[in-house]
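Please treat every number below as a calculation from the coordinates, not as lab data. Everything numeric here is computed off the predicted structure, so don't read it as measured data. Don't worry about glycine lacking a Cβ; one is built from the backbone with ideal geometry, like all the others, and counts go over all protein chains shown.
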Amino acid sequence: MKIKSWAWAVSFVLIFVLLFTLGAGVCEFARTSTSYATSAKAMCVMEAGSKRVLNKSNFSQQLPMASTTKIMTAITAIENCDDLDAQFEISPKAVGISGTSIYLRKGEVMSTRDLLYGLMLVSGNDASVAIGEHISGDWKKFVELMNKTAYKIGAVNSHFDNTHGLDSPTHYTTAYDLALITSYALQNETFKEIVSTKNTRITNKDGKIRYLKNKNKLLTSLEGCCGVKTGFTDDAGRCLVSACEREGMTVVCVVLNCGPMFEDSKVLLEQAFRDYHLIDLTAGYAYKDCIPVNEGRSQMVRIGTKEKCLYPLKDNEIGKVKYEYNIAEIVDAPVVKGDEIGEIKIFVDNKLQFSEKVFTMESVRRDSVWSKLKDFIERW
């Protein structure tokens, strides 16, 4: 009886260990599989170059976005400032703004570039107002410029009321729009340099130094992380826009109203890099690189394309790439280098993803009577 009790106890322990191990495995699978359930109210993962959405959840829902607003503030300022290093005087309107601050003082003199670091690393609300006033003369006019820039980018379901992201009924975006805005902003080298900076210091004209440490924890915990912005307000909750670059592919992740924003974003980004690879679709072109020339000094002319299409694909999608060619079989002389003579379309899973013109790569003169006579005499 004692032996049976002992065997039963051992069996119970083994079953418990097995269930615990399986449970841990299930949890790990849940965090790494493509069906990972983020706790974010809205989420969008996007490949920055192609703008392809790799993962999403409520990504078109309009929500407050807190200080991730400052991504729009920063790129609007960078694109509309003639000299980022020119210094200017801080007005009283930019002093004492509620929320996070770099504690600007009335009358101190700073550059737009230094204020951008204060804006993006430590989320200075006062810096955002100072930048807006400097660029447009009035922060409200600068906000109008932000909205115009957002619309130009394609973020048509967003509206900005301010430069900093403090809660307002008509200050909102979507996870998709914010991913679009960030993908656009990351094309700017100045923006990319600022948001990827972990620590720096800025100095005003009087030599006062401010030491800044980036609030984005992923910069030090995720391989390839290159930004971009945290945010929090009571209405928006915890928000994070992050970006990561590996092997030439940049992925942007937006989570809005997400308690474990760093943890969820890291899983979503790792998942994207595991599931997708950036493929040069134009490398699969299969067309003749020369076509005949009618009545030309040369019988053939070289043709080609000018652009590349880099597109993120899963392994099982590569076989779904199809090409459609519409290229002239022959051209008449004279031919001018750069003449458009056709088009190539690329489809993925029967959806058009890219189209490109085909051009002549050299010029070919018409074969005149005199040139024919000259050729005849030379051959004779």
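Some notes on this structure:
- Taking Cα atoms only, the orientation of helix 369-379 departs from the longest principal axis of the chain by about 80 degrees.
- Protection proxy ranking of 311-319, 37-45, 158-166, by the mean of other Cβ atoms within 10 Å over each peptide's residues and highest first, is 158-166, 37-45, 311-319.
- Label-reachable residues, segment 221-242, where backbone N falls under 15 Å from a point 7 Å from Asn199's Cα toward its Cβ: 221
- Between helix 125-136 and the chain there is an angle of about 30 degrees, using the helix long axis and the longest principal axis of the Cα atoms.
- Per-peptide packing, taken as the mean over residues of other Cβ atoms within 10 Å, places 199-210, 351-362 in the sequence 351-362, 199-210 from highest down.
- Take the Cβ atoms of Arg302 and Glu189, set R0 to 30 Å, and the FRET efficiency comes out at 0.30.
- Label-to-label distance for Val156 and Lys357 is 2.6 nm, based on points extended 7 Å past Cα in the beta-carbon direction.
- Normalised Debye scattering of the chain at q = 0.07, 0.09, 0.11 Å⁻¹ gives log10 I(q)/I(0) of -0.48, -0.67, -0.84, counting only Cα atoms as equal scatterers and leaving out solvent.
- Stretch gain in nm, segment Thr220-Asn58, where the contour uses 0.36 nm per residue and the Cα spacing is subtracted: 55.4 nm
- The chain: angle of helix 139-153 to the longest principal axis, Cα-based, in degrees nearest 10: 50
- Whole-Å distance, taken between Cα centres, linking segment 309-352 and segment 134-164: 38
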